[in-house]
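This report concerns only the one structure given below.
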Amino acid sequence: MTAQTLYQEAYTAHYKKKDYHNAILGYLRVIELYPDSNEARYARQQIPNLEHNISIQELNVSESQRSILAGIFSAIRGQKEQAEQAKEKKEQLKLEREARQQAQQAQRAKLLKRVKSIPLTTTMNIDGYKVKNYIDIESVEVVIGTGIISEFISDFSDFFGERSTPFERKLAEAKKYALDRMRYLAANKGGDAVIGVDIDYTEFTGNRIGVVVNGTIVKLDPPFDFSAVEE
């Protein structure tokens, strides 16, 4: 009989006749007689499906057939173990990734608190502290576009002696960003404060204005206590 015929008989016994005993014997015959065929590969896949329908250990089979069964179920156990190990590894990696993310968030929150609380002063000293180290001189440049409408509103308001609110709002936002950026640079370099802060405004072509902030990042003595700064 061909591999196809033997496999079809076993398959029919398995799924149509529910004759699980003859089904598993038929699959084993396919594997024994035609071990390299596609049908033998299909039979190896079908045998585990019979495990809950029949006692494999009580089957009256030859030693070679029992060896085939042992090999099939050993491979299944190995696959399950690999799957469990892969699952455990995936969970471990997930936990490690979450731990890293939490640590990064905590570090970011700590840095953000430090950034918000770093003092800026136009003077060369801070009351109650001495400059221990001069870390670096930093400069921050922010360029904004005023736009034709803002420019028109500014001129119109100036003519009537009023405040040009949209224009001033843009300048205020640019100034705030520049100062926050200066604080970030200071915190990132381990500074406690920025002294000698100078703010300049520069006009460019194309309705653009630049806000330039300069300052010196310093370490203070005693060190500035950022933990004492309220949120």
Fill in the blank from the handout: Quick note, segment 5-77: a/c under 1.5 would make it rounded; otherwise a/b > b/c is prolate and the rest oblate (a ≥ b ≥ c, C-alpha gyration tensor); here it is rounded
Practice task
Measure off, as a whole percent, the carbon and sulfur share of the 1.4 Å-probe accessible area of the chain, all protein chains present.
Solution key: 51
Completion exercise
For the chain, the per residue accessible area (1.4 Å probe, Å²) is 68
Practice task
May I ask for the angle, rounded to the nearest 10°, between helix 165-188 and the longest principal axis of the chain, with both axes built from Cα atoms and the value confined to 0 to 90°?
Solution key: 70
Exercise for the section: Give the longest segment of the chain that steers clear of trypsin sites (Lys or Arg not before Pro) in DSSP loops with at most 15 neighbouring Cβ atoms within 10 Å, not counting the sites themselves. Expected result: 19-162
Completion exercise
Cross-link reach from LYS90 to lysines, straight Cα distance under 17 Å and at least 8 residues apart if same chain, gives LYS80
Exercise for the section: Specify which labelled value, from (1) 2.24; (2) 1.11; (3) 1.05, agrees with Cα Rg over 2.2 N^0.38 Å derived from the coordinates of the model shown. Expected result: (1)
Exercise for the section: Distance check, please: which entries in LYS113/LYS189; LYS130/LYS189; LYS176/LYS219; LYS116/LYS189; LYS18/LYS87; LYS89/LYS189 exceed 26 angstrom between their Cα atoms? Expected result: LYS18/LYS87; LYS89/LYS189
Practice task
Name the lysines eligible as straight-distance cross-link partners of LYS17: C-alpha to C-alpha under 24 Å, and not fewer than 8 places from it in the same chain.
Solution key: none
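The values are calculated or read from the model by the stated rules, or taken from the named source; none is laboratory data. Note that this is a predicted model, so its numbers are computed, not measured. Cβ coordinates were reconstructed from backbone atoms using ideal geometry, including for glycine residues, and neighbour counts include every protein chain displayed. The protein model used for the area step is the full one, side chains on, heavy atoms only, and it has no ligands, DNA or RNA in it. Shrake-Rupley method; radii C 1.70, N 1.55, O 1.52, S 1.80 Å.
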